[in-house]
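I have placed the structure first, in the form of structure tokens, so that the comments after it can refer back to it.
The values are calculated or read from the model by the stated rules, or taken from the named source; none is laboratory data. Everything numeric here is computed off the predicted structure, so don't read it as measured data. So basically every Cβ, Gly included, is an ideal-geometry build from the backbone, and we count neighbours across all protein chains shown. Calculation scope for accessible area: heavy atoms of the full protein, side chains included, ligands and nucleic acids excluded. Shrake-Rupley method; radii C 1.70, N 1.55, O 1.52, S 1.80 Å.
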Amino acid sequence: MSNDIYCEIVSLAKRRGFFYQAYELYGGRRGFMTLGPLGVLLKENIIREWRRIFIERHENIFEIESPIINPGIVFKASGHVEKFVEPLLECSSCGRKYRADKYLEEKYRLKNVEGLTPEEIWKIIKEKNIKCECGGEFKFPRMFSLLFETRIGPYETGELDYLRPEAAQGMFIDFKNLVTYARNQIPFGVAQIGKVARNEISPRKGLIRLREFTIMEIELFFDPEDPNCEYLPEVEDVELPLLTADKQLDESYEIQWVTVKKALEKSLIKTDWQAYFMALALEFLKELGIQEEKQRFREQLPNELAHYSAQTYDQQVELSRWGWVEISGHAYRTDYDLKRHSKYSGESLTFKKQLEKPIEVESVEITPDMKVIGPMLRDKTQKFIEHLKSLPVEELKKLLNKEFIEYEGHEIPSSAIKFKIVKKKVNYKEFVPHVAEPSFGLERILYATLECAYRKKNGRTILSLPVKIAPIKVAVFPLVKRDGLPEKARKIYNLLRKHGIKCIYNDKYSIGKLYAEADEIGIPYSVTIDYETLKNDTVTVRDRDTWEQIRMPIALLPSYLKKRLARNE
Ligand code: AMP
């Protein structure tokens with residue numbers, strides 16, 4: 001595929017209402033796109049397919065919807081305020097700003113530059129004499145927060161609040177409610193589909209890098225001592241196209257096709273659930289028409305890993321202009337987030353698993369010396385004590401055996417906390433669950449489906465979208481716009497609509513042009529009403545991909561189309 005495919009799709013998308021630049025009236029703003037009427041229908045169909053594969057197949061995965069605007073504490077606790085930053089390069093001459101790692105990667109073809117510190121970037125800039133596109137010198141790089149700041153309510157002072165950059169935190173902070181909903185059974189998963197915002201430094205590439213986009217995410221909570229995924233046998237033999245971190249570090253970029261079973265046996269993937277979701281992700285994109293050969297799972301290198309992840313595989317799709325682009329991320333978030341929220345909220349975010357036989361467990365009873373701690377922590381004292389009480393026993397023991405306990409910038413002497421270890425019998429096991437997370441960017445998927453569906457036949461464009469995600473399923477046309485044909489065609493259009501078939505009626509152009517338009521927006525079937533229809537109540541049905549036409553009685557049309565559409569569900 002040539003580079004021009006991207007331009008052709010962007011032009012088609014705008015002309016036909018799939019997607020286009022937002023705020024065009026005011027000159028447009030980078031990183032914001034609007035989905036047009038067909039884009040919205042396509043998006044809904046992609047979401048339906050995602051829900052079918054990732055949620056509905058599972059007894060223990062359910063969906064929630066949490067707010068987009070979050071109090072600052074949520075992203076302080078999650079580590080985003082501190083760590084969700086990118087290095088920014090600013091030209092001292094023209095003032096242009098770039099995301100440093102991307103600039104070095106794309107302009108200078110440098111590898112492994114993600115995750116470098118400003119000092120390391122500066123060293124490269126000096127050594128390689130790297131300049132701005134205008135020829136100007138760069139200033140020393142600084143870290144830039146990708147969080148969109150806001151303030152809740154009419155208060156101009158105090159803490160900043162944020163728009164969420166991921167949906168995941170909504171699931172972590174609701175953990176207690178969700179455990180109750182899951183009827184105290186683990187493993188369980190919580191899904192969320194919704195908008196997120198990231199103040200990307202230099203968003204380009206249309207739908208690929210946006211400042212506001214839709215995420216589809218699952219947080220799957222499991223017991224780290226019993227990490228089995230009950231659904232794994234269904235995908236064990238699925239071959240995954242892997243590009244491991246080890247291979248990349250050896251400068252080898254060849255994809256290895258490894259079954260899910262082997263990948264787990266060889267510890268190429270760290271947890272069952274992660275591997276299971278990767279197999280589903282492969283299937284999901286295939287269902288959307290993105291062939292296996294265009295997909296791979298690239299393991300992130302240690303320097304690229306997000307602060308919460310022990311291992312991440314990016315599911316990438318090979319696109320004509322951009323090469324391998326990440327479409328979904330599969331992260332093993334361990335117990336990082338629950339522990340952080342437990343620390344910041346003072347609430348215990350553990351899971352109590354019922355056991356058949358009681359076991360003896362240790363607990364730690366603490367008696368803090370308020371005379372020492374009170375003056376140090378003031379209004380944070382109570383929260384600190386609650387935090388200590390919420391910690392798992394082993395962790396608390398380790399902490400109390402140190403000389404100082406670090407808490408929100410304070411060093412509290414552990415001698416100020418007397419403790420006693422008590423043994424008791426309980427019929428549950430208490431632990432902080434671990435989390436596997438698949439996270440999909442919807443707009444990138446939407447673009448990739450369009451590119452993979454894009455074909456040319458005899459100089460005409462066909463969008464061969466899989467029938468199940470085609471925004472409109474059937475087009476109804478009169479052969480000519482006279483002699484009662486439009487009236488008859490409208491009747492058939494209404495008949496199909498009543499049968500719940502998503503269809504359109506069009507009589508604006510000649511029949512050739514109507515077919516061409518239907519092909520270009522990916523309508524799988526076109527129904528034409530001609531003079532014979534008036535004589536014997538039959539119509540022709542034309543297939544978008546083969547251009548073959550068959551004739552059939554109107555009486556059979558709804559069931560014929562419904563059967564065809566259902567076959568592709
Ligand atoms: P991440 O949390 O960074 O792994 O992102 C999850 C998914 O969101 C990625 O796999 C992408 O598909 C998508 N994504 C991330 N950043 C952007 C962006 N700036 N614009 C559009 N989609 C994005």
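Rounded to the nearest whole Hz, the Karplus-based 3J(HN,Hα) values (6.51 cos²θ - 1.76 cosθ + 1.60, θ = phi - 60°) of the stretch 397-414 follow the sequence 4, 4, 5, 6, 7, 7, 6, 10, 10, 7, 8, 6, x, 9, 10, 9, x, 5, with x at glycine and proline. How much FRET efficiency would the formula 1/(1 + (r/R0)^6) give for N303 and C94, where r is the Cβ-Cβ distance and R0 is 41 Å, rounded to 0.05? Calculated transfer efficiency: 0.85. Peptides 302-309, 71-78, 126-133, ordered by how many other C-beta atoms sit within 10 Å of their residues on average, highest first, read 71-78, 302-309, 126-133. Peptides 353-359, 511-517, ordered by how many other C-beta atoms sit within 10 Å of their residues on average, highest first, read 511-517, 353-359.
Dipole orientation for the stretch 182-340: of the candidates L243, Y231, Y336, Y336 has the Cα lying most toward the positive pole (charges on Cβ; Lys, Arg +1; Asp, Glu -1). Here the chain is assigned +1 on the Cβ of each Lys and Arg and -1 on the Cβ of each Asp and Glu. Its dipole about the Cα centre then comes out at about 1860 debye. Taking every DSSP helix (H) stretch of at least 4 residues in the chain, weighting each as -39,500 (n - 2.57) and dividing the sum by the residue count yields a mean residue ellipticity at 222 nm of -9500 deg cm²/dmol. Normalising the Debye intensity of the stretch 177-304 to I(0), with uniform scatterers on Cα atoms only, and taking log10 at q = 0.09, 0.19 Å⁻¹ returns -0.35, -1.28.
Rolling a 1.4 Å probe over the protein heavy atoms gives the chain an accessible area of 48 Å² per residue. Taking 4.7 Å between beta carbons as the limit, the unpaired Cys residues of the chain are C7, C229, C452, C503. Ranking A306, G289, T350 by Cα position along the charge dipole of the stretch 280-356, where only Lys, Arg, Asp and Glu carry charges on their C-beta atoms, puts T350 farthest toward the positive end.
What is the percent of Cα-Cα separations in the stretch 417-569 that go past 29 Å? Walk me through the intermediate numbers first.
Values: 4098 of 11628 pairs.
Result for the distance tail: 35 percent.
In plain terms, the chain from R482 to K508 could stretch by 8.2 nm, reckoned as 0.36 nm per residue minus the Cα-Cα distance. You can think of it this way: the chain between S11 and N427 has 143.4 nm of extra reach, that is 0.36 nm per residue less the Cα-Cα gap.
About its Cα centre, the dipole of the stretch 203-250 is roughly 900 debye, where the only charges are +1 on Lys and Arg Cβ and -1 on Asp and Glu Cβ. Inter-label distance, L232 to R378: 5.2 nm, where each label sits 7 Å from its Cα along the C-beta direction. Here the accessible area of the chain is 49 percent carbon and sulfur, with a 1.4 angstrom probe and all protein chains present. For the chain, the longest principal axis of the alpha carbon atoms and the long axis of helix 37-50 meet at an angle near 60°. Against the chain, whose longest principal axis comes from its Cα atoms, helix 485-498 is set at around 30 degrees. Note: the stretch 288-346, Cα convex hull, 115 Å³ per residue. For the stretch 308-459, the ratio of Cα radius of gyration to the globular rule of thumb 2.2 N^0.38 Å stands at 1.62. When the Cα positions of G374, I47, I173 are compared along the charge dipole of the chain, I47 comes out farthest toward the positive end, with charges on each C-beta of Lys, Arg, Asp and Glu.
Pairs of C-alpha atoms in the chain farther apart than 36 Å represent 47 percent of all such pairs.
A simple charge model with +1 on the Cβ of Lys and Arg, -1 on the Cβ of Asp and Glu and nothing else charged puts the dipole of the stretch 92-251 at about 1480 debye relative to its Cα centre.
Here L534 and E293 are evaluated by their C-beta separation; at R0 = 41 Å the FRET efficiency comes out at 0.25.
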